[in-house]
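A short write-up of the structure that comes next.
The values are calculated or read from the model by the stated rules, or taken from the named source; none is laboratory data. All figures in this text were calculated on a predicted structure; none of them were measured in a lab. Positions of Cβ are backbone-derived with ideal geometry, glycine not excepted, and every protein chain shown enters the neighbour counts.
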Amino acid sequence: MIEDPQGTVLALFLAFCRIGGCFMVLPGFSSFRVPVQVRLFVAVGVSMALLPILWDTIYPKVQGGNGDYILLVGAEILIGVTLGLVARFIVLSLQYAGTAMSMAIGFNSSPGGGVIENEPEGQLTSLITFTALFILFLTDFHHMIIGSLVRSYSFMPMSTGFEPRLALMTLTDTLAGSFMLVLRLASPFMVYGLIFNLSIGMVNKLAPQIPVYFISIPYILAGGLILFYFGSHTFFSQFIDGFEALFMGLI
């Protein structure tokens, strides 16, 4: 039998605050296509699985007064959201790279419904984001997230509460690192589009009476898609390696 049922429930809820806050904004789990009940049950299941590991860290904190416990609940939610935003920012930067790649290769069709998020985005952006997220789940990135949640109790302890300066620095470093990562991934397409459009501009100067720009659109699009076809393996491999290096370096 449980010696302290009330303390056990309170400790479980504290673990759920940090883990649930992370899963609330975590890429993939936070998608509108995942029912809220599924997200809730996953967060509760992970919290119950990790509670025995974190028992000595969490249980002593529930012995304080009601005011201290309420402050702990708020701090744990904010810490969990910060950890989830680190992974989400990296995936959002890939969406930005997909939009830039679409513009560079002339794939400027009208945006359609997103596969993951409930907002319009281009077909190439949707394909890149969905594929990258699918590969992340295949490589068990959720296990890495859970391991990071356990380690977070050492560098973001419950005794210090939520530190806005540390969270802001972490998110800022995430944005800087993720931008440099996707810039390296999208750079071949940006260079390809720049060289192609520069060449077409020179041709247009030689024959201004011919609408060279409209004639060249199928060629730049075909060349960009061929470049993406042959470079997709390297593209996603480098993104997965960069995601792991960036996330593990910050968390």
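Tell me the residue from Gly74, Gly84 that is closer than 21 Å to Leu166 by Cβ and surrounded by fewer than 16 Cβ atoms within 10 Å (Cβ to Cβ), please.
None of the other options fit; the residue is Gly74.
Among the numbered conditions (1) over 13 Å from the mean Cα position of the chain (by Cα); (2) in contact (Cβ under 8 Å) with a residue 60 or more places away in the chain, tell me where Gln123 comes up short.
The single condition Gln123 does not satisfy is (2).
Can Thr174 be described as surrounded by 14 or more Cβ atoms within 10 Å (Cβ to Cβ) and either within 21 Å of Thr57 (Cβ to Cβ) or not small (Gly, Ala, Ser) (or both)?
It is true that Thr174 is surrounded by 14 or more Cβ atoms within 10 Å (Cβ to Cβ) and either within 21 Å of Thr57 (Cβ to Cβ) or not small (Gly, Ala, Ser) (or both).
From Leu175, Leu194, Leu185, which residue is in a helix (DSSP H, G or I), of a type in the set (A, V, I, L, M, F, W, C), over 22 Å from the mean Cα position of the chain (by Cα) and at pLDDT 90 or above?
Leu194
Quick check on region 219-237. Is at least one of its residues modelled with pLDDT of 85 or more, under 26 Å from Met144 (Cβ atoms) and hydrophobic (A, V, I, L, M, F, W, C)?
Taking every residue of region 219-237 in turn, at least one turns out to be modelled with pLDDT of 85 or more, under 26 Å from Met144 (Cβ atoms) and hydrophobic (A, V, I, L, M, F, W, C).
Identify the residue in region 93-112 that is free of Cβ contacts under 8 Å to residues at least 60 places away in the same chain and part of a loop (DSSP other than H, G, I, E, B) and, among all such residues, is surrounded by the fewest Cβ atoms within 10 Å (Cβ to Cβ).
Going through the qualifying residues, I end up with Ser110.
Restricting to region 204-221, and then to whatever is within 15 Å of Phe107 (Cβ to Cβ) and either touching a residue at least 24 places away in the same chain (Cβ under 8 Å) or crowded, with 16+ Cβ neighbours inside 10 Å (or both), can you tell me which residue is farthest from the chain's Cα centre (by Cα)?
Ser216
Going by the conditions given, is Met144 of a type outside the set (S, T, N, Q), in a helix (DSSP H, G or I) and farther than 24 Å from Ile19 by Cβ?
no
Which one is farthest from Gly114 (Cα to Cα) among residues in region 1-29 that are surrounded by fewer than 17 Cβ atoms within 10 Å (Cβ to Cβ) and of a type outside the set (A, V, I, L, M)?
Glu3
Considering only region 138-150, state which residues are on the phi < 0 side of the Ramachandran plot and surrounded by fewer than 12 Cβ atoms within 10 Å (Cβ to Cβ).
Passing the criteria: Leu138, His143.
Restricting attention to region 113-135, which residues are buried (at least 19 other Cβ atoms within 10 Å of the Cβ) and not small (Gly, Ala, Ser)? Give the derivation first.
Step one: of region 113-135, the residues buried (at least 19 other Cβ atoms within 10 Å of the Cβ) are 114, 116, 121-122, 124-126, 128-129, 132.
Across region 113-135, the qualifying residues are Ile116, Glu121, Leu124, Thr125, Ile128, Thr129.
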